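The values are calculated or read from the model by the stated rules, or taken from the named source; none is laboratory data. Computed from a prediction, not measured in an experiment: that's the story for all the values here. For neighbour counting, all protein chains shown are included, and Cβ atoms are generated from backbone atoms with ideal geometry for every residue, glycine included.
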Amino acid sequence: MTLFTAEGLIRASVRGRSKGVVDPPSMLWGAYRRWLTTQTRPFPTDGVPADVDGWLVAQPVLYARRAPGNACLSGLQRDAMGTLARPANPDSKGCGAVMRSAPFGLLRRGPETSFEHAVEGAVLTHGHPTGYLAAGAFAWIIATVLAGASIAEATVSALARLSAERSGREVTAALRAALSRAAQGAPTPERVESLGGGWVAEEALSIAVYCSVAAANAAAAANAANDPRVALLAAVNHSGDSHSTGAICGNLVGVAGGEQALPADWVRELEGYELVGRVADDLVTEFENTATVADAFGAATTPWAARYPGH
C-alpha cells in the first residue's frame, strides 16, 4: 500500500498541474482501490488487460497476498469514499494507515501538508481519531527528518503538533513513552513489549520510534556509528505485530540515513526492490523536479502523464 500511496500522490500532482484540480484524497482512493484488486483477485494468466488504469497495478509481484488488514479491505470495498467528516470504519485504529503513510512525508511541502494529507488518506479506511492522527504524526516525523532533524527531534516536534488535536491523547502518550524508554539504553525486547504489541496505530508507531531512537542514542553514547540493523532487529524481534513495526521502523531509519546506510546484503534480498526503487525515484522526480517533468513531457501528454494519468 505504500507504493500505491506514492502512485496516488504522483497522479494527484499531475492532475493538479495539468487540469488545475487539486484533490489528493480522491486520487488516493483510486490508488488504494487498485491495491485492493491485487489482494482480492489473481494476477491474470493471459496478461493484464490494456485498459487497466495505471502501470503499477500491472506488476505481478504485487499480487502476492500480504495479510491485508480487515479495515483496509472493508474500507475500500465501500461505495462511498471515507472523509474526515464521515470516515470509514470509525471504530478502527489499526496500524494499517500508519504503515502506508511514509510517502506523505516525502512531498517537500512542509510537515503540516504531510500531516493533513496523511490524515485524509487514513480516513479512507481507519476512522478512529487515534488511527488517523497516528498516520498524520508519522508523516510529520518523516517530513521533519527529511528536513534535517533527528528522529527524536522530529518526534518532539510531532508531539507539539498533536497538542492541537483534542483527540490526540493516545498518540501523544504512546510517543512520549517511546522517547522515555529510548533514554534508558539500547533497545531490548522487554522495553519494546512494554509499549504494546503494535497491533494498533499508536503502539506500532511508538515501537518503531522507540527502536530507532534507542539505537541512535546507544550508538551516540558509545561514540559509535549508528547501525540501522540494531533498530530494525529490535523492531521485528518481539511477540506482537512485528512485520508492521519493522516496516515503520524501516521507513524511519531509511529517511534518516538514506539507502546507503542500509545493509547492502539485506537490500539485495528485498522482494520487489527494483519496483520499490522505481516508484521512489518517480516520487522524487514529481515532487522535487516538477519543472523538469513539465519541460520534458508537457503538462498532460506523452510518457509521464501516460504513466501517471491525472484522472
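Out of region 1-37, which residues are buried (at least 24 other Cβ atoms within 10 Å of the Cβ) and more than 24 Å from Q77 (Cβ to Cβ)? Answer for region 1-37, where residues must be buried (at least 24 other Cβ atoms within 10 Å of the Cβ) and more than 24 Å from Q77 (Cβ to Cβ): I10, V14. Run down V48, V98 and say which single residue is under 24 Å from D282 (Cα atoms) and modelled with pLDDT of 95 or more. Every option except V98 fails the conditions. Scanning region 236-260 for residues that are more than 18 Å from E202 (Cα to Cα) and part of a helix (DSSP H, G or I) yields V253, G254, V255, A256, G257, E259, Q260. All of (1) within 21 Å of E271 (Cα to Cα); (2) among the basic types (K, R); (3) not in a helix (DSSP H, G or I) hold for R34 with one exception: (3).
Look at (1) more than 26 Å from G127 (Cβ to Cβ); (2) touching an Asp or Glu at 6+ places or on another chain (Cβ under 6 Å) and you find that P25 fails only one, number (1).
Give me the residue from region 148-181 that is of a type in the set (S, T, N, Q) and assigned to a helix (DSSP H, G or I) and, out of that set, surrounded by the most Cβ atoms within 10 Å (Cβ to Cβ). Going through the qualifying residues, I end up with T155. Screening G257 against (1) surrounded by 13 or more Cβ atoms within 10 Å (Cβ to Cβ); (2) closer than 21 Å to A67 by Cα leaves a single unmet condition, (2).
If the condition is being assigned to a loop (DSSP other than H, G, I, E, B) and either surrounded by fewer than 24 Cβ atoms within 10 Å (Cβ to Cβ) or not polar (S, T, N, Q) (or both), then region 98-137 contributes R100, L107, R108, R109, G110, V123, L124, H126, G127, H128. Among the residues of region 118-162, those identified as in contact with a helix residue (DSSP H, G or I) (Cβ under 6 Å, 6 or more places away or on another chain) and among the charged types (D, E, K, R) are E120, R161. Can you tell me which condition R78 does not meet? The list is (1) buried (at least 21 other Cβ atoms within 10 Å of the Cβ); (2) under 26 Å from A134 (Cα atoms), and all the others hold. Failed condition: (1).
Of the residues making up region 157-201, those that are more than 24 Å from P111 (Cα to Cα) and of a type in the set (S, T, N, Q) are Q184, T188, S194. Each residue in region 122-170 was checked for being hydroxyl-bearing (S, T, Y) and within 17 Å of A85 (Cα to Cα), and 4 of them qualify.
Restricting attention to region 187-235, the residues that are assigned to a loop (DSSP other than H, G, I, E, B), under 18 Å from the mean Cα position of the chain (by Cα) and at negative phi total 1.
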